[in-house]
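J.: Take this structure first; my questions come after.
The values are calculated or read from the model by the stated rules, or taken from the named source; none is laboratory data. For clarity, every value in this text was computed on a predicted model and none was experimentally measured. FYI the Cβ positions are ideal-geometry reconstructions off the backbone, even for glycines, and counts take in every protein chain you see. Accessible surface is based on the protein model in full, side chains and every heavy atom, while ligands, DNA and RNA are left aside. Shrake-Rupley method; radii C 1.70, N 1.55, O 1.52, S 1.80 Å.
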Amino acid sequence: MNVGIVGLGLMGGSMAKSIKARTGHTVYGIDLDQETMTLARLCGAIDGPLTGETLPLCDLVLVAIRPRAAIRWVRENGGRIAKTAILVDFCGVKRVVVEALAPLAEEHGFAYIGGHPMAGRERGGFTSSSEDLYVGASMILTPDQRTDMKLLETLQAFFLDVGFAKLTFSQPEEHDRIIAFTSQLAHIVSSAYVKSPEAQRRRGFSAGSFRDMTRVARLDEEMWTELFLDDADYLEKELDILIGHLTEYRDAIRAGDGERLRALLKDGREKKAAAGGN
């Protein structure tokens, strides 16, 4: 199978490396950064550039760039994608992307399904990419009424082959609602937490808790601003809920109310136990 990858940063670069390490597929890639293209060729992550000549040869096209850039790329290149091909985007929000790309796929005759790999690292770029980034991860797909079972079977076989542990099926609305809590809110909390003056004076006083809270504060502000604004409605709701809970803790501490504080902490512990997992 010929696989085209648009964007060779952390996600696309890791996908290219995973494909070459675990399958016999041919990989064509494209990235705006020429140094990245050179590195990808030299390390064998891609077999060649994704161009106007190689794009029509691709059976699967994976778009691993920011939402607006992904939409723009498909608008500009959709006519070159083979009608027998499948296109999957890796964008971190789904409603705005699916709404734009589904009609383009229908117009040009190729199959499209929204996707989101549940994997990542605090540092981005091709140099941070790895052939094992997706090992054990979940791949979210957002099929609709036009998605046939054969397409899903093809994608399931492909994503399991490159290391994913499972496929999770969702709808764009559900995806964006849940991801606002599980991913976007965590990045905002981490970014806000590390702004305390004590973050610069904590040498020798920090351990696992500090590392866990600050790990994702090292983010790409351009990408995350776009993701936050594309999911603003759900993200605002999660922020309101969090601020409400933080206010309860602050008020209990301010009042010296140990009974109330113990109850809040116990409630949090029990909710974590009920939620399970990591």
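J.: Condition (residue is assigned to a helix (DSSP H, G or I), of a type in the set (D, E, K, R) and open to solvent by 90 Å² or more (accessible area, probe 1.4 Å)) applied to the range 200-208: is it met by at least one residue? Full working, then the answer.
T.: So the first thing to find is which residues in the range 200-208 are assigned to a helix (DSSP H, G or I), and the list is 200, 208.
Keeping just the survivors that are of a type in the set (D, E, K, R) gives none.
For the range 200-208, residues assigned to a helix (DSSP H, G or I), of a type in the set (D, E, K, R) and open to solvent by 90 Å² or more (accessible area, probe 1.4 Å): absent.
J.: Follow-up question, since we're still on this one. Any idea which residue in the range 113-147 is farthest from residue 89 (Cα to Cα), counting only those that are at pLDDT below 95 and among the β-branched types (Val, Ile, Thr)?
T.: 127
J.: Can you name the strands (runs of 3 or more DSSP E) wholly within the range 52-169 that have at least 2 residues being closer than 30 Å to residue 214 by Cβ?
T.: On the way: elements: 60-63, 86-89, 111-118, 138-142, 166-169.
Correct list: 111-118, 138-142, 166-169.
J.: While we're here: So, of the residues in the range 222-247 that are in contact with a helix residue (DSSP H, G or I) (Cβ under 9 Å, 6 or more places away or on another chain), without any contact (Cβ under 8 Å) to a residue 24 or more places away in the chain and of a type in the set (Asp, Glu), which turns out to be most open to solvent (accessible area, probe 1.4 Å)?
T.: Here the answer is 236.
J.: Specify which of the listed residues (37, 11, 15) is surrounded by fewer than 23 Cβ atoms within 10 Å (Cβ to Cβ) and modelled with pLDDT of 95 or more.
T.: Step by step, each of 37, 11, 15 is checked, and only 37 is surrounded by fewer than 23 Cβ atoms within 10 Å (Cβ to Cβ) and modelled with pLDDT of 95 or more.
J.: Can you report the number of residues in the range 193-209 which are closer than 22 Å to residue 272 by Cα and either among the aliphatic types (A, V, I, L, M) or modelled with pLDDT under 80 (or both)?
T.: Result for the range 193-209: 2.
J.: Just one of the numbered conditions (1) under 30 Å from residue 90 (Cβ atoms); (2) open to solvent by less than 80 Å² (accessible area, probe 1.4 Å); (3) part of a helix (DSSP H, G or I) is not true of residue 219; which one?
T.: (3) is the only condition that residue 219 fails.
J.: Given (1) at pLDDT 95 or above; (2) surrounded by fewer than 22 Cβ atoms within 10 Å (Cβ to Cβ), identify the lone condition not met by residue 150.
T.: (1)
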